[in-house]
1. So how many residues does region 145-181 have that are in contact with a Ser or Thr (Cβ under 8 Å, 6 or more places away or on another chain) and more than 14 Å from Glu197 (Cβ to Cβ)?
2. Among what's in region 122-144 and is loosely packed, with under 12 Cβ neighbours inside 10 Å, free of Cβ contacts under 8 Å to residues at least 40 places away in the same chain and within 49 Å of the chain's Cα centre (by Cα), pick the residue that is nearest to Glu198 (Cα to Cα).
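Values in this text are rule-based calculations from the coordinates and carry no lab data. Just so you know, these numbers come straight off a predicted model, no measurement behind them. Cβ coordinates were reconstructed from backbone atoms using ideal geometry, including for glycine residues, and neighbour counts include every protein chain displayed.
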Amino acid sequence: MSREQPRTAQDGQVRRTIPHVAAWFAAGVASVVLASVAVSMVSGQVTGSRPAPLSAAQVEDELASASDGTTTTAGPTSSTTTTTIAPTAAGTATTAPGGPPPTPTTSGSGPGPTTTTTTRPPGPAPSSKTYDMAGGTATLRFSAAGVTVLAATPKPGFSVDASPTHDNGVRVEFENDDHRSRVDAWWDGGPQDEVREED
């Protein structure tokens, strides 16, 4: 009886192991099947959407349309928008419906687009002006950047004061106890000034 007990224990252990081995084997088979299905789906998506190679006639059509200045799409056109941009005699571009708007160009006489450059007319040149007043003499330089004092010479008995004003202008004053001479100068499309003599 002592010999039968170990056999019974071994048989029970084998019986418990068989379901585990069967489950492990079934899981391995299922994973292989799932992997092969996934690979076939991905390969079908990658290789199935690749367009067919162009024939010799299609290549000639593509080259001819490129030399005409047009752009076409070969292959399946169910989801592709074909846009044609060709220069016209006036030098502007036309676009087929569904395409992006053409880049505007200036009109020209030839078949291709022409370019023009726009130049601004030069503004007034800088100038200088001398003011001879009762209290002294001031020389000012006018330009679009503002007005600067080149010289301010008071007459005997007068003092001089030069100060900036709004819009890059200047004010020059000659003053004594009895009289004041003042010039305000600024730039507004050209030289502007105002002279005052006050007792």
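1. 8
2. It comes out as Ala125.
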